[in-house]
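The values are calculated or read from the model by the stated rules, or taken from the named source; none is laboratory data. Since the structure is predicted, the reported quantities are computational estimates derived from the model, not experimental observations. Note: ideal-geometry Cβ built from the backbone for every residue, glycine included; neighbour counts use all protein chains shown.
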Amino acid sequence: MSILETPIQWKTKTDMIYHMLREAIVSGELIPGERIVLRKLASDLGVSAIPVREAIKLLEAEGLVDLFAHSEVTVSRFSEKDYRELFEIRVLLEGHAAELAARRVNEEFLGELDQLLGEMRECIERKDYKAYGILNREFHTKINTYSGNEHLQKMIDLVMAKTDRARALFVYYPERIRDSLQGHEDIVKALKQGDAEAVKKIIAEQTQSGCEVFLKYCKNVSGQETC
């Protein structure tokens with residue numbers, strides 16, 4: 001079933017459309033450069049044009065869609081340079097967040113991470129790679145939240161929004177998942193040991209590796225250096 005057809009309850013129609021479109025973009029269901037026809041989307045979802053336009057504005061603010069004259073909307077493209085710069089920023093920001101989180105480790109925090117690891121293992125067993133990608137993001141968001149620095153978290157969320165479609169690499173390259181899971185297990189182990197430097201290093205390596213694999217995929221599929 002397409003993400004755009006998934007029946008989920010949301011607080012508002014705008015919220016529903018935003019999340020459905022966002023997930024379709026970052027999962028790769030809607031590809032870079034693909035046109036989103038607002039009138040057709042509104043008709044398919046059984047809503048008016050207003051919440052569709054509001055959702056598009058939110059996605060445009062995140063850099064996930066480009067809005068042109070006459071309400072033409074397409075899924076945005078980022079250059080290889082854009083991605084490398086954004087991932088470089090992520091390494092710095094998430095690394096600092098991990099250091100802060102390592103100083104605030106408690107049983108509740110570790111328990112939440114262990115639970116996520118369990119769910120990620122289940123995804124591997126049933127080969128649900130999209131769900132694994134979502135849990136992967138939740139895992140890192142949990143660490144960022146436990147940094148205790150709300151402004152830092154907002155900055156990371158902003159950068160992650162622009163690079164979030166890279167998590168679709170688990171669908172493109174499912175063989176990466178085992179290495180990814182091992183990296184997450186190593187992160188939890190280092191947090192339990194209070195080794196902030198190790199956590200920072202592992203997250204940096206995972207982020208850089210993910211960037212390289214995603215850019216490789218973009219070149220192989222499109223023959224271009226845009227994603």
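Of the residues that make up the stretch 58-70, is at least one out of contact with any Ser or Thr (no Cβ under 8 Å at 6 or more places or on another chain), over 23 Å from residue 208 (Cβ atoms), aliphatic (A, V, I, L, M) and surrounded by 14 or more Cβ atoms within 10 Å (Cβ to Cβ)?
First pass over the stretch 58-70, keeping only residues out of contact with any Ser or Thr (no Cβ under 8 Å at 6 or more places or on another chain): 59-62, 67, 69-70.
Next cut, over 23 Å from residue 208 (Cβ atoms) only: 59-61, 67, 69-70.
Among the residues that remain, those that are also aliphatic (A, V, I, L, M) are: 59, 61, 67, 69.
From the residues that got through so far, the ones that are surrounded by 14 or more Cβ atoms within 10 Å (Cβ to Cβ) too are 59, 67.
Looking through the stretch 58-70, at least one residue is out of contact with any Ser or Thr (no Cβ under 8 Å at 6 or more places or on another chain), over 23 Å from residue 208 (Cβ atoms), aliphatic (A, V, I, L, M) and surrounded by 14 or more Cβ atoms within 10 Å (Cβ to Cβ).
When we screen 199, 171, 188 for residues that are within 22 Å of residue 118 (Cβ to Cβ), of a type in the set (A, V, I, L, M) and modelled with pLDDT of 95 or more, the only hit is 188. Only one of the numbered conditions (1) under 25 Å from residue 25 (Cα atoms); (2) touching a residue at least 24 places away in the same chain (Cβ under 8 Å); (3) β-branched (Val, Ile, Thr) is violated by residue 141, and that is (2).
When the stretch 159-196 is filtered for residues that are without any contact (Cβ under 8 Å) to a residue 12 or more places away in the chain and more than 24 Å from residue 128 (Cβ to Cβ), the ones remaining, listed by number, are 189, 193.
If you go through the stretch 46-57, how many residues are part of a helix (DSSP H, G or I), surrounded by fewer than 18 Cβ atoms within 10 Å (Cβ to Cβ) and among the aliphatic types (A, V, I, L, M)?
Step one: filter the stretch 46-57 for residues part of a helix (DSSP H, G or I), giving 49-57.
Within this subset, residues satisfying the condition of being surrounded by fewer than 18 Cβ atoms within 10 Å (Cβ to Cβ) are 49-50, 53-54, 57.
Narrowing further to those that are among the aliphatic types (A, V, I, L, M): 49-50.
Residues flagged as part of a helix (DSSP H, G or I), surrounded by fewer than 18 Cβ atoms within 10 Å (Cβ to Cβ) and among the aliphatic types (A, V, I, L, M) within the stretch 46-57 amount to 2.
Every test in (1) buried (at least 16 other Cβ atoms within 10 Å of the Cβ); (2) farther than 25 Å from residue 104 by Cβ is passed by residue 198 save one, and that test is (2).
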